[in-house]
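Only one structure is covered here, and it is reproduced in the block below.
The values are calculated or read from the model by the stated rules, or taken from the named source; none is laboratory data. Predicted model only: the values in this text are computed from it and were never measured. Every residue, glycine as well, gets a Cβ built from its backbone with ideal geometry; the counts of neighbours run over all protein chains shown. Heavy atoms of the whole protein, side chains included, go into the accessibility calculation; ligands, DNA and RNA do not. Shrake-Rupley method; radii C 1.70, N 1.55, O 1.52, S 1.80 Å.
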Amino acid sequence: MIYSMTGYGKSVLQLPTKKITIELKSLNSKNLDLNARMPSIYREKELAIRKILADKLVRGKIDFSIYVEATAEDTSSQINTPAVKQYIEQLRQVVDGDDMDLLKMAVRFPDALNTVREEIDETEWKAIQSEINNAIDELNSYRLNEGKVLEQDFNNRIVAIDEILEKVIAMDPERVEGVRERLLKGVDELREKYDENRFEQELVYYIEKFDITEEKVRLKNHLNYFTESINSEDSNGKKLGFISQEIGREINTIGSKSNYAPMQQLVVQMKDELEKIKEQLLNVL
């Protein structure tokens, strides 16, 4: 079971005087990259929110937003009556005008309005926490569905590499015989006598140098391990990335040792499938 790092979650909380919308977006990233946007009233809870998100989302580029929409008449500002009256009295000494004109000028001066700092009600905060968790659950559900698509693609490509590997294994005796024939032909073209026993020894050494038995076995094991890891309970994109590197190492070694064009063509096909796996692994949690 694997999870994609791409996801979206949203939850809405309706309170008596306002509607709070919580939104989460996630994209791929090597580590947790969290960007939080919220009204100033909730800033004191930002560290707590970040901890909730880090514990449940683990990794990815996360955009977290809280939007507040007032649904009833409510204001956090009040007129500073004594200050406004003083401004009006002072203005009368400077300019002529009726009270309405003076009032319009007075309310523009500093301290004409007092802004009352809102405090988060504990009941409201608990409700917001619950909705944050709901948005996280929705995002993780999205990630799981995306992960199932990736999982199917990985399985198909691992099977494809395994099938190509079987062709490599079947072709190997033909490759070894081809190496032997090329060497014999080269010696014959020299038109010189040679020690046949010595030649056989050198031939064995040459073939052993280009033997790919260990690489074939290790590659098979890595492919099986990749499949097992996909089907494990946890999603670990980094682990799958390490396994894919080992798969690539064995494929490259087979290619460099093969010294046989038909086999090298199969190696290119395996590399192509592996590159597509690596591209998709960048999006696995």
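In the list [x] 21.2, 71; [y] 22.8, 75; [z] 35.4, 127, the label attached to Rg and Dmax of the Cα atoms in Å as derived from the coordinates here is [z]. Taking the DSSP bridge list for the chain and keeping only pairs wholly inside it, about 80 percent are antiparallel. Between the DSSP loop rule and a limit of at most 14 other Cβ atoms within 10 Å, which trypsin sites (Lys or Arg not before Pro) in segment 104-154 are left? Sites meeting the loop and neighbour criteria: R108, R117.
A Förster radius of 30 Å combined with the Cβ-Cβ distance from T227 to A170 puts the calculated FRET efficiency at roughly 0.85. Convex hull volume of the Cα atoms of segment 88-157, normalised per residue: 191 Å³. Once the C-beta distance of R249 and D211 is scaled by a Förster radius of 22 Å, the resulting FRET efficiency is 0.85 to the nearest 0.05. Note on the chain: with a GNM built from Cα contacts shorter than 10 Å, the maximum mean-square fluctuation among I66, I88, I251 falls on I88. Of the residues A112, L32, L53, the one whose Cα sits farthest toward the positive end of the charge dipole of the chain, with +1 on the Cβ of Lys and Arg and -1 on the Cβ of Asp and Glu, is A112. When the helices of the chain are scored as -39500 (n - 2.57) per DSSP H run of n ≥ 4 and the total is divided over every residue, the value at 222 nm lands at -21500 deg cm²/dmol.
Would you mind checking the pairs K30/K167; K167/K239; K25/K239; K61/K126; K185/K257 and listing those with alpha carbons more than 31 angstrom apart?
K30/K167
As a ratio to 2.2 N^0.38 Å, the alpha-carbon radius of gyration for segment 121-190 is 2.66.
Magnitude of the charge dipole for the chain, about its Cα centre and with charges confined to Cβ atoms of Lys, Arg (+1) and Asp, Glu (-1), is about 340 debye. Hey, how much of the P(r) for segment 229-285 falls beyond 13 Å, as a percent of Cα pairs? The share of Cα pairs beyond 13 Å in segment 229-285 comes to 62 percent. Using a Förster distance of 51 angstrom, determine the FRET efficiency expected from the C-beta separation of A54 and T81, and round it to 0.05. Working from the Cβ atoms, E equals 0.60. Loop only by DSSP, 16 or fewer other Cβ within 10 Å of the Cβ. Give me the chymotrypsin sites (Phe, Trp or Tyr not before Pro) in segment 204-259 that pass, ordered by residue number. Those satisfying the criteria are F210. Accessible area per residue for the chain in Å², computed with a 1.4 Å probe and the full protein assembly in place, what is it? Using a 1.4 Å probe on heavy atoms only, each residue of the chain averages 61 Å². Our note on the geometry: Cα centres of segment 18-88 and segment 211-285, 45 Å apart.
Potential lengthening of the chain between V268 and D121 amounts to 46.6 nm, from the contour at 0.36 nm per residue minus the alpha-carbon distance. Looking at segment 1-96, the pairs of alpha carbons with a distance over 23 Å make up 49% of the total.
Computed over protein heavy atoms with a 1.4 Å probe, the carbon and sulfur contribution to the accessible area of the chain reaches 49%.
Neighbours of A112, meaning other residues whose beta-carbon lies under 12 angstrom from its beta-carbon, give a summed charge of +2 when Lys and Arg score +1 and Asp and Glu score -1.
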